Each structure stands twice: as structure tokens, then as C-alpha cells.
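Below you'll find the structure, written out as C-alpha cells, and then a few comments.
The values are calculated or read from the model by the stated rules, or taken from the named source; none is laboratory data. Source: prediction; values computed, not measured. For neighbour counting, all protein chains shown are included, and Cβ atoms are generated from backbone atoms with ideal geometry for every residue, glycine included.
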Amino acid sequence: MGNDLTKYCTKCGAANTDDARFCSACGNPLTLTSQQGGSWGGQPQGQAPSQPQPAQPTQYQPPPQAYQQSRAERALNIFTKNLGLILPVLILFIADLIVGAIVGAIVLITVLHGVLTAGSVVYTPIFFGGAFAFVFGPVFWLLTGIFLSIVVVEARNAASSQGYSLSQAWGEVRSRLSDAIIMAVVLGVVNTLLGIIPFIGWLLESLFFAYIVVAETLMFTQNSSAPTALSRAVEWVRSMANSDALTLVVLIVASILSEIPILNFFTIPYAALITLIYLFDNGVQRFTPSTTPITQPTPPPPPTM
């Protein structure tokens, strides 16, 4: 026993002398790394080799959800890519100026002639204002209703990724001119009455305009008559208030801003777009020419608490 048994076989664990190069038990080559500083990194004899630790499973990390745009943002994106939607409102603005100038001149000449013939000019401004409103008011609301229908048809096609044009939209509105006129008459009569109310009359007019926008979009997407669209618009406005108050608020703000000339070039098409997107998201068919019969989806029920 002259030599210390300091080397252990890494294969069988047998002890060997310090100067041995091969294991005396199995013949496995012995390396010089078996002894480092008096410690051995192999496995002692009689002890089972250590098992590798199983890999720890990593916790599943779901991918981040994609950012969901609001309907207001989606409507804005569509509008910025379809700025031609402002053209009908621009034409309406020019038509109002021309018709207003013509009607104003005729009324002014008529009133001045009558007042001067009677020998009094004290009440000329009152007579002129009343006569102008009486004559120009119906013309203004008729033009507004018809051009609003054109805007809705163009916005419907744009939101459905369909081509749109002023001539095509006018052709569809003209094919349903009686319904468009009914909408214009309802808009004109109600807004004229609301305008009499002091202080809040303008706000009520804006709210009613938002309601008319919803009715117009239903009329030109569900191929419904004007009376039916006006009736169903109440259900859809109530549904919007219950399920997506943000969209309703944005629609109302756009309708309020539509009272401002020039600014309404942008707010009227935008109001139509955001309404259409809400209807599309709730089952209304995206592209419906006026001759296509379709089923009419119902508004979604209010969310349960």
C-alpha cells in the first residue's frame, strides 16, 4: 500500500493510485483533472451518479393585445382619407349664399316698395326680416336635407371601401327623393320650432340634427322609408347611449359644431361616418344600394350589470 489511492475513475468510481493512467478496474483513462487542490470532482464509489436537474417550465406570456381604435378614431381615419366628402357641404354653402342673395334682394325690393307706398319706413327692417325668414327658411331646410342625404350616401360608400362620387350619390338620392324631402321637412319644421326657445334652442337643434343623421344613415343602409327610419332611429340612439356613450357624445359634439358655417364642411361628414361605423359594428349591412332588399337588424340590447 505504498501509494495513496487518490484517483477515482469517472466511469466506474474505482479508486486508483496517484500515478495510474488507466483505471485498474475498467481500463478507463484517468485524467489529471481528477484531483484539484485535494478535492475530486468525480463521483465517489458506491454512490449513484447525480441526475441533471429538469428544466423549469417558463410561464406562458401571452402576446400584447393590439391597440383597439375607438369608433371616433376610425371615423377620423376614414375621413382624412376621403376628404372629397366635404364637397356636398361646400356646394350647399355656396347654394345657400346664392339663394339667400336672390331671395333677399326680391324680398327687400318688395318690402321697400310696399312700405314706401304706404308712406312709412319705420317697420321696414321688421317686415324684411320676417318676409326673408318666411321665404328663405323652407328653401334652406330643403337644400340642407337633400345635401345631407348626399353626404350620407357618399360616407356609406367610403366607409364600405366602395368608390363614391357626387353624381352617383345624387342619382341614388334622386331615386328616393320623396324620402329625402320628408327628412328635410321634418328637420326644417322641428328646428324652426326649437329655434323659438330662448337660450337652449340652439342646443336642442343640434341634438335633433344628430337624431336626423342617425335616421338618414338607417334610411340609406337598410333601404327603409323615411317614416320607418325616423322611428327606428329612436331605438338606435337609445342603444348607442347604453352601449357606447363615447360615440354618442362625439356625434352630439359634431352636430353642435355643424351649426357653424365653414366648420360644418368637416363635422357633417364626420357625424355621418361615426354613425355608420356604429351601425356597421352592430350588424347593419355595409353597402346597400337603394334597390337592394335587406333584412333589418335590431339594435344591441343594453349591457347587463
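Looking at the structure I just gave you, is PHE140 in contact with a Gly (Cβ under 9 Å, 6 or more places away or on another chain) and modelled with pLDDT under 85? So PHE140 does not fit the description; no. Of all the listed residues (GLY114, GLY188, GLY171), the sole one being closer than 26 Å to GLU205 by Cα and either at pLDDT 90 or above or assigned to a helix (DSSP H, G or I) (or both) is GLY188.
Which residue, of SER231, SER224, is hydroxyl-bearing (Ser, Thr, Tyr) and surrounded by 14 or more Cβ atoms within 10 Å (Cβ to Cβ)?
Working: SER231 fails: surrounded by 14 or more Cβ atoms within 10 Å (Cβ to Cβ).
Testing whether each residue is hydroxyl-bearing (Ser, Thr, Tyr) and surrounded by 14 or more Cβ atoms within 10 Å (Cβ to Cβ) leaves just SER224.
Does region 197-241 hold any residues that are assigned to a helix (DSSP H, G or I) and of a type in the set (Ser, Thr, Tyr), and which are they?
Of the residues in region 197-241, the ones assigned to a helix (DSSP H, G or I) are 201-221, 226-241.
Matches in region 197-241: SER206, TYR211, THR217, THR221, THR228, SER231, SER239.
Selection of region 184-202 for residues being of a type in the set (Gly, Ala, Ser) and surrounded by 22 or more Cβ atoms within 10 Å (Cβ to Cβ) yields only ALA184. Listed residues CYS26, CYS9; which is modelled with pLDDT of 55 or more and touching a strand residue (DSSP E or B) at 6+ places or on another chain (Cβ under 9 Å)? Criteria check complete, one pass: CYS9. Just a yes or no: is a residue in region 284-296 buried (at least 19 other Cβ atoms within 10 Å of the Cβ), out of contact with any Asp or Glu (no Cβ under 9 Å at 6 or more places or on another chain) and at pLDDT 90 or above? No: zero hits. Among the residues of region 82-101, just one is surrounded by fewer than 16 Cβ atoms within 10 Å (Cβ to Cβ), in contact (Cβ under 8 Å) with a residue 24 or more places away in the chain and within 17 Å of ARG156 (Cβ to Cβ), namely GLY84. Can you say whether ALA271 is buried (at least 23 other Cβ atoms within 10 Å of the Cβ), within 18 Å of the chain's Cα centre (by Cα) and not basic (Lys, Arg), as far as the supplied structure shows? Against the criterion (buried (at least 23 other Cβ atoms within 10 Å of the Cβ), within 18 Å of the chain's Cα centre (by Cα) and not basic (Lys, Arg)), ALA271 qualifies.
Restricting attention to region 203-215, does a residue exist that is more than 20 Å from ILE268 (Cα to Cα), aliphatic (A, V, I, L, M), surrounded by fewer than 19 Cβ atoms within 10 Å (Cβ to Cβ) and over 18 Å from the mean Cα position of the chain (by Cα)? No; the residues of region 203-215 include none that is more than 20 Å from ILE268 (Cα to Cα), aliphatic (A, V, I, L, M), surrounded by fewer than 19 Cβ atoms within 10 Å (Cβ to Cβ) and over 18 Å from the mean Cα position of the chain (by Cα).
Residues of region 242-262 that are buried (at least 17 other Cβ atoms within 10 Å of the Cβ) and not in a helix (DSSP H, G or I): ASP244, SER258.
Taking the numbered list (1) farther than 20 Å from ALA254 by Cα; (2) in contact (Cβ under 8 Å) with a residue 40 or more places away in the chain in turn, ALA184 passes all entries but (1). Given the conditions (1) in contact (Cβ under 8 Å) with a residue 60 or more places away in the chain; (2) within 25 Å of GLY84 (Cα to Cα), which single one is not true for LEU177? Single failed check for LEU177: (1).
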